[in-house]
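Asks: First, the structure itself, so that you have it in front of you.
The values are calculated or read from the model by the stated rules, or taken from the named source; none is laboratory data. Just so it is clear, the structure is predicted and the values come from calculations on it, not from any experiment. Here the Cβ positions follow ideal geometry from the backbone for every residue, glycine too, while neighbour counts run over all protein chains shown.
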Amino acid sequence: MPDRWQTYPVEFKGGLVTNMSPLQQGINAPGTATVLRNYEPSVEGGYRRIKGFEKYDTNALSNTGLIRGLTYFNDQVYAVRGDDVFRSSGSGWTQVSDSTSFPASTATADVNGAVSASTTLVVDNNSGTIKAGMVITGTGIVGTVTVASLTDQNNLVMSSSQTISDNTTLTFTEKSPTIGGGSAKVRSLLFNFNGTDKVMFVDGVGKPFTFDGTTFKQLTSAPSDTAGANHAVEFKNHIFLAVDDVLVFSAPFDEEDFTAALGGGTIQVDAEITGLEVFREQLFVFTENSIYVVAGSTVADWQVQPVTRDIGCVARDTIREIGGDVMFLSADGLRLLSATERNNDFGLGVVSKPIQSELTELITVSTSFTSIIIRPKSQYRLFGYNTDYSDDAARGVIATQYSQQGGLDIAWAETRGINAFVSYSAYVGAVEYVFFANDDGYVYRLEQSNTFDGGNIPATFTTPYFPINDPEVRKTMYKAALYIDPDGSFDMDMTTLFDFNELNVIQPGTTEFNNVTQTVSFYGRSEYGTGQYGGRLKFKFDANLTGSGFVVGFQFTSDSQDPPYSLDTLVLQYGTYGRR
């Protein structure tokens, strides 16, 4: 066989794949990865080192334990810790559910006619507004007594029988609302029924809470079957709450009225509801083993129809709409709820098979999950959480949806070091906000830093083993050209690995790639008078290689606070020197 140099280019694409044999992957999918950690498949091509995160507010929330809920409302972050809701615009947290910041309302009235061992109470000479749920105090009141209901401001029903003298002045005090205790997640819903933006909180314990920017209150007048709601969505101008295996919905355009006479009601399914998602003008209801759809325009023609009784969502907070589909975690992996060409028909394919072993391990070691969508990147991120995790051991997966000939496909990657118990992402105007939090008391904003809150971002990408043209022919490596798209300076190592990195194979050393010597300055980051503007970042890096083998792979690692960069293409120059 004549000795001659040949060229072998590899375009990095396809993402993390771990369900193929090493040789098969190197032959059929050389641009994929066997390890892709803290790199993301980019919609612009190649594998991009992820951005990091920083504290949204350098102050920690009061209370202790997990931050149980997050949302963004009226240009501020709202977070739940303990049994209180806090808000911040980035420079200190204010407790929304605090009676000092938001004093509870009070009212007074005189007893109009003595009460003898009765719950019926008639009053007059009112001052202020009496509401259901207010605590009643005054001479003759024994124990904790509240207003159970009222016909009008003069005719009330008390929560327990009392004996009170005529003309006794009573005080009615609205309790300062607090979120239900424990460590259960608190979920939120943003809505606007009457021109006022509001947020609703459900805590899985009591009745829902609402906040309009001024008043934080619990919907104490709502029926008892709204207590314990742990999911809330707006659908067809109704609020839908999930309580165990029941959907409770409000009257149209009224989050506080759930009476049937005005359009409220309930719908029961066959198991506990694990999630709700409004998708393509239909409401999808998930249990662990089934999916239902609520279709129709109004309560008069709503129909509950099964999509499947064999597949469901096993983890709350994993249901997210991405690119015209809905992704969720089922018992056997991540699935897409996709509309098909047939009316009212949906595909439910498992899309996580390429990373099944990684996903199984994530499910095994995690006690809860949360997920976000990063829309400019067409990206779904799933984070596992365990109280025993150290921050740097926290795991997650990335799914990037991209177009290819014949339709859409998904490329996968892993994350390490993003320790998220709750998360939130949404566009506000043209700006996307992505937040997460755990039990350290801080709220973090993703995609805003080149560090993990001041620490390095470790990243690893390992290629398959390339047989190139023939796995039975020995190849000697001479040169490598690596094409990179950097945002700034970077420093990265490349390690050459021959013959599946077997123990008896001598491996070459490590090659360092960096552009820190480039005379390129970045506006806002360089010193005026010394920086040199107008230069171009280097995008091609050449390295001499040594060693030979029958198959060859490469590992790229970095552990820095450099700006992100994309690994695009690797071009090898090699010679062939005989068969085994």
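Asks: Among (1) under 21 Å from residue 564 (Cα atoms); (2) free of Cβ contacts under 8 Å to residues at least 40 places away in the same chain, there is one condition residue 388 misses while meeting the rest; what is its number?
Replies: (1)
Asks: Kindly indicate whether residue 85 is of a type outside the set (Phe, Trp, Tyr), in contact (Cβ under 8 Å) with a residue 60 or more places away in the chain and out of contact with any Lys or Arg (no Cβ under 8 Å at 6 or more places or on another chain). If you could, list the steps in order and put the result at the bottom.
Replies: Details: of a type outside the set (Phe, Trp, Tyr): yes; in contact (Cβ under 8 Å) with a residue 60 or more places away in the chain: yes; out of contact with any Lys or Arg (no Cβ under 8 Å at 6 or more places or on another chain): yes.
Yes; evaluated as a whole, the condition is true for this residue.
Asks: Can you name every residue in region 552-580 that is aliphatic (A, V, I, L, M) and buried (at least 21 other Cβ atoms within 10 Å of the Cβ)? Don't jump to the end; show me each part of the working.
Replies: Of region 552-580, the ones aliphatic (A, V, I, L, M) are 552, 567, 570-572.
552, 567, 570, 572, listed by residue number.
Asks: Let me ask something additional. Mind checking whether some residue in region 448-462 is within 28 Å of residue 74 (Cβ to Cβ) and among the β-branched types (Val, Ile, Thr)? So that I can check it myself, show each step before the final result.
Replies: To start, the set of residues in region 448-462 that are within 28 Å of residue 74 (Cβ to Cβ) comprises 448-449, 453.
Next, only the ones that are among the β-branched types (Val, Ile, Thr) stay: none.
No, every residue in region 448-462 fails to be within 28 Å of residue 74 (Cβ to Cβ) and among the β-branched types (Val, Ile, Thr).
Asks: I've got another one for you. Could you check how many residues of region 56-75 are surrounded by fewer than 17 Cβ atoms within 10 Å (Cβ to Cβ), more than 17 Å from residue 178 (Cα to Cα) and of a type outside the set (Ser, Thr, Tyr)? Before you say what the answer is, go through the steps one by one.
Replies: Taking region 56-75 first, the residues surrounded by fewer than 17 Cβ atoms within 10 Å (Cβ to Cβ) are 58-60, 62-65, 74-75.
Imposing the further condition that a residue be more than 17 Å from residue 178 (Cα to Cα) reduces the set to 58-60, 74-75.
Among the residues that remain, those that are also of a type outside the set (Ser, Thr, Tyr) are: 59-60, 74-75.
Total satisfying the criteria: 4.
Asks: Could you list, in sequence order, the residues of region 215-243 that are charged (D, E, K, R) and buried (at least 16 other Cβ atoms within 10 Å of the Cβ)?
Replies: Listed by number, the residues that qualify are 217, 234, 236.
Asks: I would also like to ask the following. Considering region 166-224 alone, what residues qualify as being in contact with a strand residue (DSSP E or B) (Cβ under 9 Å, 6 or more places away or on another chain), part of a loop (DSSP other than H, G, I, E, B) and hydrophobic (A, V, I, L, M, F, W, C)?
Replies: Residues of region 166-224 that are in contact with a strand residue (DSSP E or B) (Cβ under 9 Å, 6 or more places away or on another chain), as a first pass: 166-179, 182-193, 197-204, 206-213, 216-223.
Next, from what is left, pick out any that are part of a loop (DSSP other than H, G, I, E, B): 166-168, 174-179, 182-186, 192-193, 197, 203-204, 206-208, 212-213, 219-223.
Selection gives 179, 184, 186, 193, 219, 222.
Asks: Just name the residue that is modelled with the lowest pLDDT out of those in region 394-407 that are part of a loop (DSSP other than H, G, I, E, B) and surrounded by fewer than 20 Cβ atoms within 10 Å (Cβ to Cβ).
Replies: For region 394-407, the residue satisfying everything is 406.
Asks: Of 257, 244, which residue is over 25 Å from the mean Cα position of the chain (by Cα) and assigned by TED's automatic domain parsing to the domain that holds residue 355?
Replies: Values: 244 fails: over 25 Å from the mean Cα position of the chain (by Cα).
Answer to the check: 257.
Asks: On to the next question. Sort through 513, 500 and tell me the only one that's assigned by TED's automatic domain parsing to the domain that holds residue 466, of a type outside the set (S, T, N, Q), at pLDDT 80 or above and in a strand (DSSP E or B). Break it down into steps so the answer makes sense when it comes.
Replies: Numbers: 500 fails: in a strand (DSSP E or B).
The conditions single out 513.
Asks: While we're on this one: Any residue at all in region 20-42 that is β-branched (Val, Ile, Thr), under 21 Å from the mean Cα position of the chain (by Cα) and on the phi < 0 side of the Ramachandran plot?
Replies: Within region 20-42, the subset β-branched (Val, Ile, Thr) is 27, 32, 34-35.
Now restrict to residues that are under 21 Å from the mean Cα position of the chain (by Cα): none.
The answer is no, given that none of the residues of region 20-42 is β-branched (Val, Ile, Thr), under 21 Å from the mean Cα position of the chain (by Cα) and on the phi < 0 side of the Ramachandran plot.
Asks: I'd like to verify a number: residues in region 48-63 that are farther than 21 Å from residue 80 by Cβ and either over 22 Å from the mean Cα position of the chain (by Cα) or of a type in the set (Lys, Arg) (or both), how many?
Replies: 3
Asks: Which fully enclosed strands (runs of 3 or more DSSP E) of region 258-343 have 1 or more residues being in contact with a helix residue (DSSP H, G or I) (Cβ under 7 Å, 6 or more places away or on another chain) and of a type in the set (S, T, N, Q)? Give the steps one after another, and end with the answer.
Replies: Details: elements: 265-268, 273-279, 282-287, 291-295, 303-308, 320-322, 325-330, 333-339.
By residue number, 265-268.
Asks: Go through region 110-148 and count every residue that is outside any loop (DSSP other than H, G, I, E, B) and at negative phi.
Replies: Residues of region 110-148 that are outside any loop (DSSP other than H, G, I, E, B), as a first pass: 110-111, 115-127, 135-137, 145-148.
Now restrict to residues that are at negative phi: 110-111, 115-116, 118-124, 126-127, 135-137, 145-148.
The number of residues fulfilling the criteria is 20.
Asks: Of the numbered conditions (1) more than 30 Å from residue 205 (Cβ to Cβ); (2) at pLDDT below 95, residue 118 fails exactly one; give the number of that condition.
Replies: (2)
Okay, residues lined up against (1) modelled with pLDDT of 90 or more; (2) farther than 26 Å from residue 265 by Cβ; (3) in contact with a Phe, Trp or Tyr (Cβ under 9 Å, 6 or more places away or on another chain); (4) surrounded by 14 or more Cβ atoms within 10 Å (Cβ to Cβ):
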residue	(1), (2), (3), (4)
317	yes, yes, yes, yes
327	yes, yes, yes, yes
335	yes, yes, yes, yes
340	no, yes, yes, no
345	no, yes, no, no
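Asks: Give the number of residues within region 80-99 that are in contact with a Gly (Cβ under 7 Å, 6 or more places away or on another chain) and either hydrophobic (A, V, I, L, M, F, W, C) or in the same structural domain as residue 487 (by TED's automatic domain parsing) (or both).
Replies: Of the residues in region 80-99, 1 are in contact with a Gly (Cβ under 7 Å, 6 or more places away or on another chain) and either hydrophobic (A, V, I, L, M, F, W, C) or in the same structural domain as residue 487 (by TED's automatic domain parsing) (or both).
Asks: Restricting the search to region 154-168, which residues are crowded, with 16+ Cβ neighbours inside 10 Å and within 18 Å of residue 133 (Cβ to Cβ)?
Replies: As a first pass, look at region 154-168 and keep what is crowded, with 16+ Cβ neighbours inside 10 Å: 156, 158-159, 162, 164, 168.
If the condition is that a residue be crowded, with 16+ Cβ neighbours inside 10 Å and within 18 Å of residue 133 (Cβ to Cβ), then 156, 158, 159, 162 are the ones that fit.
Asks: If you don't mind, there's one more thing I want to ask. For region 21-71, which fully contained strands (runs of 3 or more DSSP E) count at least 3 residues that are among the hydrophobic types (A, V, I, L, M, F, W, C)?
Replies: Details: elements: 35-37, 39-41, 47-49, 53-55.
Strands (runs of 3 or more DSSP E) meeting the threshold: none at all.
Asks: What is the residue count in region 354-372 for residues that are over 17 Å from residue 437 (Cβ atoms), crowded, with 22+ Cβ neighbours inside 10 Å and in contact (Cβ under 8 Å) with a residue 40 or more places away in the chain?
Replies: Of the residues in region 354-372, the ones over 17 Å from residue 437 (Cβ atoms) are 354-365.
Within this subset, residues satisfying the condition of being crowded, with 22+ Cβ neighbours inside 10 Å are 355, 359.
Still in the list and also in contact (Cβ under 8 Å) with a residue 40 or more places away in the chain: 355.
Summing the residues that are over 17 Å from residue 437 (Cβ atoms), crowded, with 22+ Cβ neighbours inside 10 Å and in contact (Cβ under 8 Å) with a residue 40 or more places away in the chain in region 354-372 gives 1.
Asks: If you go through region 437-445 one residue at a time, do you hit one that is among the aliphatic types (A, V, I, L, M), more than 23 Å from residue 365 (Cβ to Cβ) and either buried (at least 20 other Cβ atoms within 10 Å of the Cβ) or assigned by TED's automatic domain parsing to the domain that holds residue 29 (or both)?
Replies: Yes, that holds for at least one residue.
Asks: Output the qualifying pairs, or none if there are none: Cβ atoms under 6 angstrom, residues six or more apart or on different chains, first residue in region 36-48 and over 11 Å from residue 398 (Cβ atoms), second residue of a type in the set (Asp, Glu) and assigned to a strand (DSSP E or B).
Replies: Between residues of region 36-48 that are over 11 Å from residue 398 (Cβ atoms) and residues that are of a type in the set (Asp, Glu) and assigned to a strand (DSSP E or B), the close pairs are 46/568.
Asks: Take region 280-304 and flag every residue that is among the aromatic types (Phe, Trp, Tyr) and modelled with pLDDT under 90. So that I can check it myself, show each step before the final result.
Replies: First pass over region 280-304, keeping only residues among the aromatic types (Phe, Trp, Tyr): 284, 286, 292, 302.
Hit for region 280-304 is 302, nothing else.
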